[in-house]
1. As an exercise: evaluate residue 139 against (1) open to solvent by less than 90 Å² (accessible area, probe 1.4 Å); (2) out of contact with any helix residue (DSSP H, G or I) (no Cβ under 9 Å at 6 or more places or on another chain) and give the number of the one condition it does not meet.
2. For the structure I just gave you, tell me whether residue 163 is surrounded by 14 or more Cβ atoms within 10 Å (Cβ to Cβ) and at pLDDT 95 or above.
3. I'm told residue 182 meets every condition in (1) at positive phi; (2) at pLDDT below 85 except one. Can you identify the failing condition by its number?
4. Just to be sure, is residue 92 surrounded by 17 or more Cβ atoms within 10 Å (Cβ to Cβ), outside any loop (DSSP other than H, G, I, E, B) and not acidic (Asp, Glu)?
5. Take the residues in the stretch 61-81 that are of a type in the set (D, E, K, R) and not in a loop (DSSP other than H, G, I, E, B), then tell me which one is surrounded by the fewest Cβ atoms within 10 Å (Cβ to Cβ).
6. So which residues in the stretch 191-210 are in a loop (DSSP other than H, G, I, E, B), open to solvent by 20 Å² or more (accessible area, probe 1.4 Å) and among the aliphatic types (A, V, I, L, M), if there are any at all?
7. Answer with yes or no whether residue 145 is touching an Asp or Glu at 6+ places or on another chain (Cβ under 6 Å) and either touching a residue at least 24 places away in the same chain (Cβ under 8 Å) or surrounded by fewer than 18 Cβ atoms within 10 Å (Cβ to Cβ) (or both).
8. Residues 219, 232, 213, 174: which one is modelled with pLDDT of 90 or more, loosely packed, with under 13 Cβ neighbours inside 10 Å and over 30 Å from residue 126 (Cβ atoms)?
Amino acid sequence: FDRVLELLAAEAAFSLGAEKARALRPAAEFAAAKQLAAETAEMRLLDQLGIDIPFSGARDIRAHLRAAGIGQLLEPGALLECAQVLTTARRARLVLEKVRDRVPALAAIGDRISDFRAFAGDVEEAISPRGEVLDAASEQLAFVRRELRAAEARLEQRAQAALAEALRRGAAQEGLLTERNGRKVIPVRSDSRSLVPGIVHDVSSSGATLFIEPFAVVEAGNAVRELRLAEEREVRRVLQRLTDQLG
């Protein structure tokens, strides 16, 4: 019997189906056996009619559901996976509803599939297929990202001006800005330190080059840093809202 169940499990569309196949046991009551036989006959009928119940998007999401149930924050990819599975389940129910008169026993199983369109729609609106939280996820996130883009442009402009001044004074090692600890810095020769007032964020291994954040860009850099933190907080808030909805 176990060998027969393994053959059945091998035909399952995804891991949870295979698990359920291996757990099957003969019915002990006549009514239960009759019900299972009716469901099997209806599945054979669907196969003969060329009607396929879609399971291509099915995954085992039980771990995600347990985490959401206790309020543990889910990452965008996990939320997308859950939305996909719940959408797949709804599609399966819709297929059965269309042929309810031919397969009433299976349609009754489909009736137990709840409607999670609201959650799936919210996830689709908030998270891109690549797992990025979109501006449309919340008004606050859209606002913060607009402010962040403007602040980054101001920072770049001021940093380029500071670099041009350092080059003019012969202090900069090269005509390129770089980053240290998330801050815009200029590579400056150590013997020209006094020509570029600012904060030293790093030193080259030889000690010949200092990576200095000019005082002229510190305030703009602080504004960018604060907005990036605000963006991270709002992204987490969006993910927590979706996680709680799923839970």
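1. For residue 139, the failing item is (1).
2. Numbers: surrounded by 14 or more Cβ atoms within 10 Å (Cβ to Cβ): yes; at pLDDT 95 or above: no.
It is false that residue 163 is surrounded by 14 or more Cβ atoms within 10 Å (Cβ to Cβ) and at pLDDT 95 or above.
3. Condition not satisfied by residue 182: (2).
4. Numbers: surrounded by 17 or more Cβ atoms within 10 Å (Cβ to Cβ): yes; outside any loop (DSSP other than H, G, I, E, B): yes; not acidic (Asp, Glu): yes.
For residue 92, the condition - surrounded by 17 or more Cβ atoms within 10 Å (Cβ to Cβ), outside any loop (DSSP other than H, G, I, E, B) and not acidic (Asp, Glu) - is met.
5. Residue satisfying both the conditions and the ranking: 62.
6. As a first pass, look at the stretch 191-210 and keep what is in a loop (DSSP other than H, G, I, E, B): 196-197, 204-208.
If we keep only those that are open to solvent by 20 Å² or more (accessible area, probe 1.4 Å) as well, we get 197, 204-208.
Selection gives 208 alone.
7. On the way: touching an Asp or Glu at 6+ places or on another chain (Cβ under 6 Å): yes; either touching a residue at least 24 places away in the same chain (Cβ under 8 Å) or surrounded by fewer than 18 Cβ atoms within 10 Å (Cβ to Cβ) (or both): yes.
It is true that residue 145 is touching an Asp or Glu at 6+ places or on another chain (Cβ under 6 Å) and either touching a residue at least 24 places away in the same chain (Cβ under 8 Å) or surrounded by fewer than 18 Cβ atoms within 10 Å (Cβ to Cβ) (or both).
8. Numbers: 232 fails: over 30 Å from residue 126 (Cβ atoms); 213 fails: loosely packed, with under 13 Cβ neighbours inside 10 Å; 174 fails: modelled with pLDDT of 90 or more.
Matching residue, one of 219, 232, 213, 174: 219.
The values are calculated or read from the model by the stated rules, or taken from the named source; none is laboratory data. A quick note: this is a predicted structure, and the numbers were derived from the prediction, not measured. Glycine also receives a Cβ, built like all others from the backbone with ideal geometry; neighbour counts cover every protein chain displayed. These area figures cover heavy atoms from the full protein model, side chains too; ligands, DNA and RNA do not enter into them. Shrake-Rupley method; radii C 1.70, N 1.55, O 1.52, S 1.80 Å.
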